[in-house]
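Reviewing the structure listed below.
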Amino acid sequence: MKDQQGHESYAPGRMSRRRSRHPGWNRFNSKFAVTLAAVTIVGTIGLATAGGGTAGAASSTSSTPVVNLTWWTMWSGSTLQLLNTMVTQFNKTHPGIHVTETNIPSDATTSTAKLLSTIAAGDPPDIFTEWWPEIGSFAADGDLVNMNQYLTGQYAGLEKWEYPVAVQAGTYKGGLYAIPMSMNSWALYYNIPLLAEYGIKSPPKTLAQFDADQAKLWVVDNGRIVTMGFYPDTDGNGFQFYTTFFGATNCFNSAGKYDFENCSGAKAEMNWIASFSKYSYAQVMALQTDLGFVAGGQTDIWTNGKSGFELSGPWVGAQNVPVSNPDLEDHFGVEAFPGIVPKPSTLGQGNFNIIPKGAAHPAQAFEFISWLAGYKNESFVGSIDPKGGWVPAGPTVTKAPAYQTWLKQNSWLSGFLPQMSSPYTEAPTLTPTQAQLFAAENTATADVLQKIMTPEQALKYIDQQANASS
Amino acid sequence: MQIDVQANRLPAAPLKVARGRRRGSLRSPNRRALRLGLLFVSPWIVGFLLFFAYPFFATIYYSFTDFNGVGAAHWIGFTNYVNLFHDPLFKTSLFNTFYYTAIELPLSTVAALGLALLLNMNMRGRAIYRTIFYIPSIVPLVASCMIFVWLFNPASGIVNDILIDAHLPSPDWFFSVAWSKPSFILLGLWGLGQPMVIYLAGLQGVPRDMYEVAALDGASAWKRLRYITIPMISPVILFNVILQLVLCISYFTQAQVIESSDIGGPGTSTWFYVQYLYEQAFEFLKLGYSSAMAFFLFVISAVIMVVLFRSSARWVYYANEQQ
């Protein structure tokens, strides 16, 4: 039937009449529709149960002689190569365990989301490498394996073997939830020729001297920075990275709530940060971007020779300078940062390995994690850490011959190790809102530097965000 | 039976008959056709239920809980919604999103329509111009963000080089609190090729004879635009406005790329709503709170859409609609 315009139009019953004229087509149509529906339903069920299927497969391997471990890391490039070297060595020396390293190329937030999804699906990796902001909330939510249960037998001495700050940074309410494969130690880099150009012959010993010295180095031409002394928010280093130098790492009130607003160290630190608001935040950030600090790039203002001072870790001298600015090699020094707390100190932060809840082989995962840290494996880890510019999780690794050779060849490294055992070095106490705390500290730092917030408002803001419970 | 009488309902027997009649009203071939049709659309129905209906209702449910993504979700009533209104970042992100939407939406609408009008004119190289203006919209978002940040870098960007050479003020663009939001708006305008193409298609559907008649009557170019072009493409304008509105309200990728790479968006000056939602969900693992944020955004969007559709009766003209 056609309508007035000559188009075929639909009328009830017409299809059935046609169908009756073409029974083969009719049967095909029905079969196709049924098949389509069946494929959809089966596919959907298959997708929904895929996680469980994988988990089952992983579990079934536990009865075989070789236990397969999956390790998720988020590094790439030269660091990933080092990790692969470690995995190869572990697999060679542990025939009963086979580790497969999987690189999750994403930022911390995305990899955290991926990890959560796998925990929820019941198929997490055996080991996950995590920067420490989320460990508190993971542990509080019961998403991690408490490793206290494994601290027996040959592992009974593990916690005493580690730097105290490494244990503190991985402990939540008495349970050990994370063990670092390496620690970060922060100290003050200085550019010797640039300082000499401005008449500074030796690195500053006090905070006042440091402030005065760095101020001499600022040169701005036509709204663009030519050289600068120091800025407290480059390389993503906000408020938290200076807290140990000001005694403001753990500011809690008697109710156990964050209370930076009434913490004298925090006030001193935020006021010190505010003293840099006389420089243009936008110009510093623009210069930083211009020089390549994009998405974790390996160059920054100091490495490029445009800044007199920078707070950073040993990887800058070990990896970044040789690659980005070889001319600076042998022309820089490292000192403990001159805060108001007696030197030396540093923020207890590192690259932590955790075992997600539901991991198929937690005991073997723990064995691998402690091996990576260097526990009863000092010689091998002592040969790897220098290549990554890493500070180890335990002091005895630094006694390994390869590590000692590295220290002797690079005298500046001595600026990073003493603070690891210093009584002034602290790690932020793990809490469920650690990530909120750090995010708030970063925002507050940037806002104080741009005069959007006063130091008092900034500290209040940090408390408010970090104490948010729901 | 007595209860049925009191409730003024039909007795059981006639009800059965009525049901039987309803079943019989769909004849056997039609029932088969319906069944076949449902089977054919079943992939879509399954997809809709799994990937839209379930997440939607789950989001509403979780917004009343303290769900963290893994553990059990505990009912906490309206706590998340109450907390929203005491959260300064929530207000900041909402303000930033509305600021962006309020400026970007009309600007991009006028600019895309203006470009489409120009590119609809008879001129040499029209196809080349159309291609040139469309290309930016197919550049991957991440790449366009990086290009923009470099172009507008106050320390070395070519834009400020030109401004300095011309002795004009050189803003700090993405790195300044005052200029960061306008910079994102400029970035948004760069990719208006998509709406421009849709306007162009709409313009080509306007009957030429209307312009000829209007020209014979002495209508100026402005009057032809005002009384012929705009009314005739008003459904296209409505469509584009809705699309752009949704994109503006859910603005995320560009801001996230630029801010997470520490290459702009100082402080919270460009902290957008969906970014904050994402941070709450996947960095702070507060999925209950972020579900409340998501549902709140849905309500806001729905209200705006309703207002837009209601108002469209006054300014959108459909040529074939019954008056």
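Some points to look at:
- Gyration tensor verdict on the stretch B:127-243 (Cα atoms; rounded if a/c is under 1.5, prolate if a/b is larger than b/c, oblate otherwise): prolate
- A straight Cα-to-Cα reach below 16 Å connects residue A:306 with the lysines A:216, residues fewer than 8 places away in its own chain not being considered.
- Test item: B:287-294 mean partner chain Cβ contacts at 10 Å: 1
- Relative exposure of B:209, A:233, A:330, A:141, judged by other C-beta atoms within 10 Å (fewest first): B:209, A:330, A:141, A:233
- Peptide B:65-72 - average C-beta neighbours from other chains (10 Å radius): 5
- Number of partner chain Cβ atoms within 10 Å, mean per residue of B:273-286: 5
- Likely footprinting exposure, B:60, B:185, fewest C-beta neighbours within 10 Å first: B:60, B:185
- Charge sum, other residues only, whose C-beta stays under 12 Å from residue A:150's C-beta, Lys/Arg counted +1 and Asp/Glu -1: -2
- Taking 21 Å as the straight-line reach from the Cα of residue A:399, the lysines in range (excluding those fewer than 8 positions away in the same chain) are A:160, A:376, A:387, A:408.
- Ranked A:301, B:164, criterion: other C-beta atoms within 10 Å, fewest first: B:164, A:301
- Alpha-carbon geometry of chain B: the Rg and the Dmax are 27.0, 94 Å, given in that order.
- Prolate/oblate/rounded label for the stretch B:88-154 (Cα gyration tensor, a/c 1.5): oblate
- For the stretch A:323-470, the alpha carbon positions stretch 51, 50, 33 Å along the principal axes, listed from largest to smallest.
- Ignoring lysines fewer than eight residues from residue B:91 along the same chain, the ones with Cα atoms less than 18 angstrom from its Cα are A:460, B:181, B:286.
- Considering only the Cα atoms of the stretch A:181-257, their convex hull presents on average a projected area of 8.3 nm².
- Shape category assigned to the protein assembly as shown from the gyration tensor of Cα positions, a/c cut at 1.5: oblate
- Kyte-Doolittle mean at least -0.5, axial Cα span of 27 Å or more - DSSP H helices of chain B: B:28-48, B:88-119, B:287-315
The numbers here are math on the coordinates, done by the rules we state, and not lab data. As the structure is a computational prediction, the values presented were derived from the model and not from experiment. Virtual Cβ from ideal backbone geometry, glycine too; neighbours counted across all protein chains shown.
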